[in-house]
Amino acid sequence: MSDWIMKGLDWDNPLRIRSAAALTSWVQEIGFLPLFANDVPGFSAEEHTASRAWWTGSKLTDPWEWREEIAASHVVAYGKFFDGRAGFISRQWLPCFANARRLGWDFDGKWQDGRAPAREKAIMEHYINVESEDDPEFTGAAILSTELKKMAGFGKGGEKNFPGILTGLQMQLYLVIADFRKRQTKAGKDYGMPVSVLMTPESIWGYETMTAAYREEPHESWQRIFEHTRKLWPADDAAIVRLIGKRPGK
């Protein structure tokens, strides 16, 4: 079993990101950023933070802890947005990602058109009333991932691959990780490690924000994401595509 070697900066490096607030500001400035290092050099929070700060448990200096604070702040979006792995997207770029990944479909429309798998529907029905013609927007439900798994019928004796389906919904920007909370006993006492809380981005930033790019073709939104990434982080085109996903067809 090989060790996981972090690709971060030295503790004394004056260029390293030193707080959750600084990381949030940088994401707002550059637009979007994976959490961990990947095949595009420099394109991650990991590579701009202190390698020895990770997984120390310090809310002040540990980037792994920062992700909880950033997710709960709702200043930028957090979720599994890059090749199924975690990262951040600024509010400015959220509509672009949503259009490119959803191909211009709200989830209710995607389901009614027969384009959404039943296991996605089993999860999303707890956020949206697909029968409603008057209110196509998503609800403000905030559900712990552990509870959502049970509610959607996954687990022992039920549907399979809950993590994979949930990741797919985040990749399509239908769900984001909006917070981390501990589970509670029947007596109301917290226990265990914090688990992710899933919400729809519409319920956080509004329907108009999330659908603002629907007026352009999905491949046009994708192209803007691709060009922006290549401008900031020059790399092999194939490596960029692996992170942001394949170009939608015209």
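Beta carbons closer than 8 Å, at least 6 apart along the sequence or on distinct chains, pair a first residue in region 46-68 that is over 15 Å from LEU9 (Cβ atoms) with a second that is outside any helix (DSSP H, G or I) and of a type in the set (Asp, Glu) for TRP55/ASP62; THR56/ASP62; GLU68/ASP179. Each residue in region 201-215 was checked for being open to solvent by 40 Å² or more (accessible area, probe 1.4 Å) and of a type in the set (D, E, K, R), and 2 pass. Listed conditions (1) within 26 Å of VAL197 (Cα to Cα); (2) polar (S, T, N, Q); (3) at pLDDT below 95 are all met by SER2, apart from (1).
When the strands (runs of 3 or more DSSP E) confined to region 1-119 are screened for residues that are open to solvent by 30 Å² or more (accessible area, probe 1.4 Å), those reaching at least 1 such residues are found at 76-82, 85-90. Residues that are touching a Ser or Thr at 6+ places or on another chain (Cβ under 8 Å) and among the aromatic types (Phe, Trp, Tyr) within region 152-207 comprise TYR174, PHE180, TYR191, listed in sequence order. Select from region 144-185 the residues that are under 21 Å from TRP66 (Cα atoms) and either more than 18 Å from the chain's Cα centre (by Cα) or free of Cβ contacts under 8 Å to residues at least 60 places away in the same chain (or both) and write down the one among them that is surrounded by the most Cβ atoms within 10 Å (Cβ to Cβ). Looking at the filtered set, the residue picked out is LEU144.
Just one of the listed residues (VAL197, VAL241) is surrounded by 12 or more Cβ atoms within 10 Å (Cβ to Cβ), touching a strand residue (DSSP E or B) at 6+ places or on another chain (Cβ under 6 Å) and either part of a loop (DSSP other than H, G, I, E, B) or not aromatic (Phe, Trp, Tyr) (or both), namely VAL197.
The values are calculated or read from the model by the stated rules, or taken from the named source; none is laboratory data. What you see is a predicted model, and the numbers here were worked out from it, not measured in a lab. Virtual Cβ from ideal backbone geometry, glycine too; neighbours counted across all protein chains shown. Ligands, DNA and RNA are excluded from the accessible area calculation, which covers all protein heavy atoms including side chains. Shrake-Rupley method; radii C 1.70, N 1.55, O 1.52, S 1.80 Å.
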